[in-house]
1. What is the local net charge at Gly244, summed over the other residues whose Cβ is closer than 9 Å to its Cβ (Lys, Arg +1; Asp, Glu -1)?
2. Show me the ranking of peptides 214-226, 10-22 by mean Cβ neighbours inside 10 Å, starting with the highest.
3. In the full protein assembly as shown, how much of Phe107 is accessible to a 1.4 Å probe, in Å² to the nearest 10?
4. Given the convex hull of the Cα atoms of the stretch 176-256, what is a quarter of its surface area in nm²?
5. What is the ratio of the Cα radius of gyration of the stretch 31-73 to 2.2 N^0.38 Å, where N is its residue count, to two decimals?
6. Translational diffusion coefficient, Stokes-Einstein: compute it for the stretch 1-113 using the Kirkwood radius over C-alpha pairs as Rh, at 4 °C and 1.567 mPa s, and state it as an integer in µm² s⁻¹.
7. With respect to the cross-link table entries Lys3/Lys147; Lys8/Lys147; Lys159/Lys209, which display a Cα-Cα separation exceeding 30 Å?
8. If you build the Cα gyration tensor of the stretch 154-210 and take the root of 5 times each eigenvalue, what three semi-axes come out, in whole angstrom, biggest first?
Amino acid sequence: MSKRLQGKCIVMTGGAGGIGLASARLFISEGAQVVLVDLQQEALDAALAQLASGAASAVAADVSDESQTRAYLQAALERHGRIDALFCNAGTEGRIAPIADYPMDAFDRVMAVNVRGVYLGLKHAMPIMQKQGGGSIVITSSIAGLKGFAGLSAYVTSKHALVGLMRSAVLEAGGSGVRINTIHPSPIETRMMRSIEEGAAPGAGTAAKAQFSAAIPAGRYGLPEEVARTALFLASDDSVFCTGGRYSVDGGMSAG
């Protein structure tokens, strides 16, 4: 049975995080060459050590910086000759605070990473993919890109913005063979959720997790590997006619 990503180059931002690492492991098992992108070289080194695969490489970059975005994409091109998929997965949760009390520097940082980072990825990856005859861009949004949550205004705003950005990009891509979709996870068992739990209930993160879990019809958080499987579908040729879609990986949370 052929592997679903055999011979494909996948570039992944947020590659050293929970969802990124799970996705990289799955993509490599399906035959891909994976280029991990993250802010800190130390985190990337740790991720590469865990993957222990010659199919994985890494580039440290700030996704909100245009020159660094061009550089990580160019590095992938130089190593592999093409970019078959870009998984825009880098994100930051910011602070938990009411809108009236939300620090503007924290708001700006969330928007820079979560929105500008994806915008720059689209801006510089779409022409590469159009020139080579196609490709897939997968964007990690969130359940917070479909619903509102008190205290998370910056994060919710950024994740909603990604849906609009995706839709505009789809219309611009037209029949070029470049497809763009968003993934919308519920709370997932990652470092980010530990941070959100603690921010929501300082010193009582376990109670916050129980409250979040109760809002998910499936009764539990998702796993990074469950998000990775949806990303695999969208990165592979199995989704060749799928573009402009919002794919929930949320245990039914968006149904309420």
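The values are calculated or read from the model by the stated rules, or taken from the named source; none is laboratory data. All figures in this text were calculated on a predicted structure; none of them were measured in a lab. So basically every Cβ, Gly included, is an ideal-geometry build from the backbone, and we count neighbours across all protein chains shown. The area values use the complete protein model at the heavy-atom level, side chains included, leaving out ligands, DNA and RNA. Shrake-Rupley method; radii C 1.70, N 1.55, O 1.52, S 1.80 Å.
1. Taking every other residue near Gly244 into account, the sum is +3.
2. Values: 214-226: 15.5, 10-22: 26.5.
Going by the mean number of other Cβ atoms within 10 Å, highest first, we get 10-22, 214-226.
3. Phe107 exposes around 60 Å² with every protein chain in place.
4. Working: hull surface 24.4 nm².
Averaged projected hull area, Cα only: 6.1 nm².
5. On the way: Rg = 10.7 Å, N = 43, 2.2 N^0.38 = 9.2 Å.
Relative to the 2.2 N^0.38 Å estimate, the stretch 31-73 comes out at 1.17.
6. Working: Rh = 14.8 Å.
Roughly 87 µm²/s, to the nearest whole number.
7. On the way: Lys3/Lys147 36 Å; Lys8/Lys147 34 Å; Lys159/Lys209 21 Å.
Correct reply: Lys3/Lys147; Lys8/Lys147.
8. Numbers: eigenvalues 240, 25, 8 Å².
Calculated on Cα positions only, the semi-axes equal 35, 11, 7 Å.
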